[in-house]
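Notes follow once the structure below has been shown.
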Amino acid sequence: MAVPGDPPDGTPEGIGGGDEEFRSDEYRSVVFDEDFVRAARLQEFSAQERMGEHARAVRSRSMWSGGSSRPRTSTPGRGARQGMLLVLLIAVAFAVAVYMGLSNPALPPAIGRAEPLTSTVVPLAPSTAVPGGRPVDLYAKSPAADYRVGAAGINLPGARRTHHFTEGQVVTALSIAKDYLVQSSLDPDVLAGAATRPVRVLLDPDQTDQFDRSMTTPSGDGRHAVTGWLVRFDPGTAVVADTRVRVSGTLAIDEVSADVLEVITDHTFVYAVRPATGSPAAADGASLFTVRRELKLRFDREDLTARRAELVTAYVMAGPQDCSTDPAEGFRPVLAGAGPTTVGPAASDPYASGTPRRTAGLCGVLAPPTPAGEAPVSPAP
């Protein structure tokens, strides 16, 4: 017997058996409870709302509505409270980040300042009478006979890259060191005390104040000796008689840290000088004056870019000089014909290879000149 609502001829074949069968087969696992309905993102307008001028049959439900279809009240729903809490947490995190950034700013790494120069200048007193003559003859009879002239005597070693510096940077450090030696030891105006700028421009700016003070108010305090920075002759005592200065020595380079290269220079400079007063044309009025300079120069990456150096230490032996004179302001050679003026400690030979003696104190004794190829002879005690 047919029930109300059934088709007159029964249910056609291939069609489910009504709502119960449809519900049980297709949506058996779906439960349309109250929470499911409230969580829906789309909500159908009510019959009364659909009678209005709405263009759509459904409305989108915002997460701030709290998932409720009830009229809005002053108290937000659970979803709204969660959203507000999320926004609050984000705002707090942002505020903390800003505060930490302002209270603990990321400071750039401190750039180390160049160390002040420390220098030792040791005058070497003659042990015999100072020979005089023409510069060419004096050189030929001295240990400097085979030395090269001027900058040609300052040879750069083979350059290789280090762990943190390229080969090009190593070459730059060596060339700056050579430039410093040339300007501070060979420039005629610097030797005469007429110029200092050629040396000053090669120094790190952190050392220029110390350099300027040394030039204006020299002192033998180990910090402000003119002769620690450069070679200068006292213009009232002697002048250079031959600009072809003889030079021999070595340069060595080492990486002392990831950001610093260090160059050690060890050179002997031999000058022909004559008295500052009297006849400059006297054939036998010249004498030799020898300066042994051992310098330590450092270069950071900024120095290499700017082509400048940090002169860290200078150890200088120079003679013949009188031990009673202070060489801080300039060298005062004992000139041709003058005899020994001081009896001091064991002789210091500036021509000897290896590390210069550092036990001479503030004054040493200059070894007598020995022709090239002969072993130096120390004076009898």
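The values are calculated or read from the model by the stated rules, or taken from the named source; none is laboratory data. Remember, it's a predicted structure, so these values are computed and weren't measured experimentally. Neighbour counts run over all protein chains shown; Cβ positions are idealised from the backbone, glycine included.
Taking the listed residues R292, R332, the one that is under 34 Å from the mean Cα position of the chain (by Cα) and either modelled with pLDDT of 95 or more or closer than 23 Å to G132 by Cβ (or both) is R292, with no other qualifying. Within the range 335-348, one or more residues are in the same structural domain as R292 (by TED's automatic domain parsing), modelled with pLDDT of 90 or more and over 24 Å from A177 (Cα atoms).
Within the range 306-323, is there a residue that is without any contact (Cβ under 8 Å) to a residue 24 or more places away in the chain, polar (S, T, N, Q) and farther than 14 Å from L124 by Cβ? Taking every residue of the range 306-323 in turn, none turns out to be without any contact (Cβ under 8 Å) to a residue 24 or more places away in the chain, polar (S, T, N, Q) and farther than 14 Å from L124 by Cβ.
Of all residues in the range 137-188, count the ones that are in a helix (DSSP H, G or I) and of a type in the set (K, R). Number of matching residues: 1.
Taking the listed residues G153, G168, the one that is crowded, with 19+ Cβ neighbours inside 10 Å and either within 23 Å of the chain's Cα centre (by Cα) or closer than 24 Å to V270 by Cβ (or both) is G153, with no other qualifying.
Note on the range 171-190: residues that are touching a strand residue (DSSP E or B) at 6+ places or on another chain (Cβ under 7 Å) and farther than 20 Å from E262 by Cβ amount to 2. Among the residues of the range 301-327, the ones that are under 20 Å from the mean Cα position of the chain (by Cα), part of a loop (DSSP other than H, G, I, E, B) and farther than 12 Å from A114 by Cβ come to 1 in all. Scanning the range 242-265 for residues that are surrounded by fewer than 20 Cβ atoms within 10 Å (Cβ to Cβ) and not β-branched (V, I, T) gives D242, R244, S248, G249, A252, D254, E255, S257, A258, D259, E262. For the range 196-268, the helices (runs of 4 or more DSSP H) that sit wholly inside it and include 3 or more residues that are assigned by TED's automatic domain parsing to the domain that holds I154 and free of Cβ contacts under 8 Å to residues at least 60 places away in the same chain are 197-200, 205-216.
With respect to (1) closer than 29 Å to D221 by Cβ; (2) modelled with pLDDT under 85; (3) in contact with a strand residue (DSSP E or B) (Cβ under 6 Å, 6 or more places away or on another chain), the lone exception for V312 is condition (2).
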